Structure formats: structure tokens, C-alpha cells
């Protein structure tokens, strides 16, 4: 996925066999963010570093390539999955 450094986008993952309870995501291995959950789908609002007026709970990422990792909050030692790549870039004008 590519997100412009001035924008934001909701990123979703289908976790059909994830344990019940909160799911967290990290992009740096240190800071974990609780995701919104609806049934078997989890999501998180991601923003680039130049996005303004971000709603509460938005995760702002620096420019560059980020690798998402997901885990169950109740059992943080259990990594659910590697969840792909998010590139924060400057997109050309349309």
C-alpha cells in the first residue's frame, strides 16, 4: 500500500482465525497501537508525516517503508502475522 505523506488512509486486515479481544499493530517493533475491530476485520487509520488535523487514534508514519506486525493484546508474545508493507511517499499530482 502507498500513502501520500500529506494524506491518511484506513488500512484493514482480515483475521479470520485471530484470538478474541484487542489486536495491536506495530510499525517499529516498539510502539503498539490498538486497532479497531469489526468481526474478523481489524483496521487502523494511518497518516503521513505532513497530514494535518488527524483524528484521535491516528498513527502517523514517517516517510519511507514500514512493515506492519500484528499481535493479540491479551497474549503479546504471540505474533499473529506479518501484515505487509506500507510505503509513505510523495505521490505525483494527478
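Values as computed for the structure displayed
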| read-out | value |
| --- | --- |
| Looking only at the stretch 8-18, and only at residues there that are touching a residue at least 60 places away in the same chain (Cβ under 8 Å) and not in a strand (DSSP E or B), the one that is farthest from the chain's Cα centre (by Cα) | 18 |
| Whichever residue in the stretch 29-38 is under 18 Å from residue 77 (Cβ atoms) and without any contact (Cβ under 8 Å) to a residue 24 or more places away in the chain and, among such residues, is nearest to the chain's Cα centre (by Cα) | 31 |
| Filter result for residue 59 (surrounded by 13 or more Cβ atoms within 10 Å (Cβ to Cβ), farther than 28 Å from residue 20 by Cβ and either in contact with a strand residue (DSSP E or B) (Cβ under 7 Å, 6 or more places away or on another chain) or touching a residue at least 24 places away in the same chain (Cβ under 8 Å) (or both)) | no |
| Residue check, residue 36 loosely packed, with under 11 Cβ neighbours inside 10 Å, more than 24 Å from residue 89 (Cβ to Cβ) and touching a strand residue (DSSP E or B) at 6+ places or on another chain (Cβ under 7 Å) | no |
| Filter result (more than 22 Å from residue 55 (Cβ to Cβ) and surrounded by 18 or more Cβ atoms within 10 Å (Cβ to Cβ)) within the stretch 1-17 | 15 |
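Rule-based calculations on the coordinates, nothing more; no lab input. Model, not experiment: these values are computed from the prediction. Note: ideal-geometry Cβ built from the backbone for every residue, glycine included; neighbour counts use all protein chains shown.
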